[in-house]
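Encoded as structure tokens, the structure appears first; notes follow it.
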Amino acid sequence: MPTYFKNIAWYPPAETKVPWHAIFSVFTSQSREFKYDLLRFLKVDHCVLGESARALLFKLLETLKKQNHSQRDEVLIPGYTCYSVAAAIVKAGLKINVYDLDPSTLYPDLDSLKSAVSEKTLAVVFQHLFGIFTPIYDIQKITCKFGAYLIEDAAQTLGTFGNGKAPGTIGDFGLFSFGRGKPLPVGGGGALVSDTNSEILDSISLDRPKMGYKQASLLAATQIISKPAFYWIPELLPFGLGKTVFDPGFTVEAIPNALEKILINALPSLNQLNGHRKCISDIYSKRLANKLLLGNINNSISLIRYPIMLLDSSMTKELNRIGVRNMYPSAISDVRVIKPYLKANHISTPGAVEISKRLLTLPTHIGINKKVAKQICIEIVNFVNSN
Ligand SMILES: *Cc1c(COP(=O)(O)O)cnc(C)c1O
């Protein structure tokens, strides 16, 4: 192995690249709204932007709850997902319920979904984890039967498949995030979209936004220090995937002005970012032994991280340095601080628990070139053989 790789290079786990001209656009006046660019890009009719996806999910759930006069007080979510999804439910004063995932695909386990859904279910959240496209048809049939809303969590995917509907625009509502580690990571911001429920989106009001200069400066700093040669700095600054914490105390503001300007100018670079991720994912798919791979791995616009399943996914320092990470440390129902908010007698989610123990994710971002990707494959194979 070349020494530069062994001793000096440090690879961040997630995408940090945003064009400099997009960042500098903070200083120019712009009358355009990002909302309209996003609507056109996703070919969807209605959209609200917020400071984060979780803020929008909270506002949406609060609105749906009022509308249903609190008859339905549960939100059904994947047993393995981002903890801020759970935080939004708790902030809206609703109960968390969980359904299981299939560890061989990361898709919903439909039997489990069927046994968890009921007349108490206000909404079902389903996700495209890492960007792997989750087929919606069977989930839609189940939620429809029980009169629950279907919320498509597309925080980890952004793009379009040729002529088909973009992920995030298929459910009753779709959720996108522009935070750290997401497909277009400007360091914050989120979008809630819908084709059919414009009255609900129109009724959502958010607190006044901040200017967002702090986030813009952090984004600029991240661009510089995420170069592999600055290997000692990234450890000191908060960037990468973002910590997986459960905190219902988040604020609910509109999108900061600076981030909106950056997003307008960064959206045109999305195709390039997605194309690069696809290319790196193809290297992983070709080089890693079949037994590590999920069967549906190529069913995506691009993967923000490349998931593999090992017997045991305990991390090593070496893997950490080349941008390999665990994702969420445990299944939702195993998180101590979330347990008090779970529906009593929720079903068990053994698939989600298995995912939390076996899943490892490889970086696919633009800072990883083909040579590094091949090196990462060698490290992974060595790691598997030594366990
Ligand atoms: C990041 C993420 C969210 C939350 O997005 P924020 O903008 O950070 O609030 C929700 N769901 C999934 C699957 C995510 O990855």
If Asn97 passes every condition in (1) closer than 15 Å to Val335 by Cα; (2) within 16 Å of the ligand (Cβ to nearest atom); (3) in contact with a Leu (Cβ under 8 Å, 6 or more places away or on another chain) but one, which one does it miss?
(2)
What are the residue pairs meeting all of these: first residue in segment 245-267, first residue under 27 Å from Tyr83 (Cα atoms) and in contact (Cβ under 8 Å) with a residue 12 or more places away in the chain, second residue in a helix (DSSP H, G or I) and of a type in the set (Lys, Arg), Cβ atoms under 7 Å, and 6 or more apart or on different chains?
Pro248/Lys91; Phe250/Arg54; Val252/Lys59
Suppose we filter Phe176, Phe133, Phe161 for residues that are of a type outside the set (Ser, Thr, Tyr), within 17 Å of the chain's Cα centre (by Cα) and away from the ligand (no atom under 11 Å from the Cβ); which single one remains?
Phe133
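Residue-wise test of (1) at pLDDT 95 or above; (2) touching an Asp or Glu at 6+ places or on another chain (Cβ under 6 Å); (3) more than 21 Å from Ile89 (Cβ to Cβ).
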position: Pro185; (1), (2), (3): no, yes, yes
position: Leu192; (1), (2), (3): yes, no, no
position: Tyr213; (1), (2), (3): no, no, yes
position: Ile233; (1), (2), (3): no, no, yes
position: Leu259; (1), (2), (3): no, no, yes
When the residues of segment 52-82 are filtered to those that are within 14 Å of the chain's Cα centre (by Cα) and open to solvent by 10 Å² or more (accessible area, probe 1.4 Å), which remaining residue is farthest from Ile142 (Cα to Cα)?
Ser52
Restricting attention to helices (runs of 4 or more DSSP H) lying wholly within segment 270-383, give those where 3 or more residues are among the small types (Gly, Ala, Ser) and buried (at least 20 other Cβ atoms within 10 Å of the Cβ).
350-358
Please go through (1) surrounded by fewer than 21 Cβ atoms within 10 Å (Cβ to Cβ); (2) within 16 Å of the ligand (Cβ to nearest atom); (3) at pLDDT 95 or above for Asp153 and return the number of the only condition it doesn't satisfy.
(1)
Quick one: Ile139 ticks every box in (1) at pLDDT below 95; (2) within 16 Å of the ligand (Cβ to nearest atom) except a single one, so which number is it?
(1)
Does segment 193-215 contain at least one residue that is aliphatic (A, V, I, L, M), within 16 Å of the ligand (Cβ to nearest atom) and open to solvent by less than 10 Å² (accessible area, probe 1.4 Å)?
yes
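The values are calculated or read from the model by the stated rules, or taken from the named source; none is laboratory data. Bear in mind that the values here come from a model prediction, so they are computed numbers and not experimental data. Glycine gets a Cβ as well: all are built from the backbone with ideal geometry, and neighbour counts include every protein chain shown. These area figures cover heavy atoms from the full protein model, side chains too; ligands, DNA and RNA do not enter into them. Shrake-Rupley method; radii C 1.70, N 1.55, O 1.52, S 1.80 Å.
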